[in-house]
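A quick write-up on the structure given underneath.
The values are calculated or read from the model by the stated rules, or taken from the named source; none is laboratory data. What you are looking at is a predicted structure, and each value in this text was computed from that prediction instead of being measured. Surface accessibility is based on the protein's heavy atoms, side chains included, excluding ligands, DNA and RNA. Shrake-Rupley method; radii C 1.70, N 1.55, O 1.52, S 1.80 Å.
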Amino acid sequence: MTAKQQLFVDEYLIDLNATQAALRAGYSEKTARSIGAENLSKPDIEKAIADALEARRLRTEITQDRVLEELAAIAFAPATRSARGQIVRPPSGARQTSQASRDVHRTSPPHGRGQDERARPER
């Protein structure tokens, strides 16, 4: 692998955008898109990227499942401000509530199917 190709790999790992990585690695604006795609198809570059991504995953312990779990925790976390801007204290068991919300979410039918209509809030 050439030094420029290694630079492409390093730049690609920033945002996973082959065209932008090619530009930042010094390829011309006119050819960046095609060179980026071509570089991604080269076995040695493909392996270098895969190895670097795996090393990052092991180093940071961030997986797709963990990202989704964190997003769900944020989405189902209790609000800290009301619509009028008043501060609302989360319940003392907020952490357990968040876990309970995730458990309910995992077992609930998709799109509200099968739920009791009376349980839905008034609009």
Residue within segment 51-74 that is open to solvent by less than 100 Å² (accessible area, probe 1.4 Å), of a type in the set (Gly, Ala, Ser) and modelled with pLDDT under 55 present: no
Would you check which residues across segment 1-13 are at pLDDT 95 or above and not hydroxyl-bearing (Ser, Thr, Tyr) and list them? Ala3, Lys4, Gln5, Gln6, Leu7, Phe8, Val9, Asp10, Glu11, Leu13
Given the condition under 25 Å from Glu11 (Cα atoms) and hydroxyl-bearing (Ser, Thr, Tyr), answer yes or no: does some residue in segment 57-71 qualify? yes
